[in-house]
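Just so you know, all these numbers are worked out from the coordinates, no wet-lab data involved. Just so we're clear, the structure is a prediction, and the values are computed from it rather than from any experiment. Reconstructed Cβ throughout: ideal geometry from the backbone, glycine too, with neighbour counts over all protein chains shown.
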Amino acid sequence: LGLNYEQLQKDMNDEKIDGYLSDNYKLAVSLNIEGTPACIVGTQVVPGAININSLKNIIEQERAKISTAKNLKEYTVAK
């Protein structure tokens, strides 16, 4: 695979990496994301796997919100 094992070990022990992981974990918790897959579509957080038709419906809903929003301040991520 071409993996540099020494660099991997170094990175795993790097406090900066711990910070990145901690920040990502906090963000996931704040969005109620507990695993993968998860995605954010416009203002909607989809915290799990969904079928293609459900995803298409969410995309259509979000596009409609954008086209009817009076200004971008009305378009915020739901929690």
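Highest GNM mean-square fluctuation among ALA49, ALA64, ALA38, for the chain modelled with Cα contacts below 10 Å: ALA64. Inter-label distance, GLU15 to ARG63: 4.9 nm, where each label sits 7 Å from its Cα along the C-beta direction.
Hey, what number do you get for the chain at 222 nm if only DSSP H runs of n ≥ 4 count, each worth -39500 (n - 2.57), divided across all residues, to the nearest 500?
Numbers: 3 runs with 41 residues, N = 79.
That comes out to -16500 deg cm²/dmol.
Counting only alpha carbon atoms, the long axis of helix 15-30 and the longest principal axis of the chain meet at about 30°.
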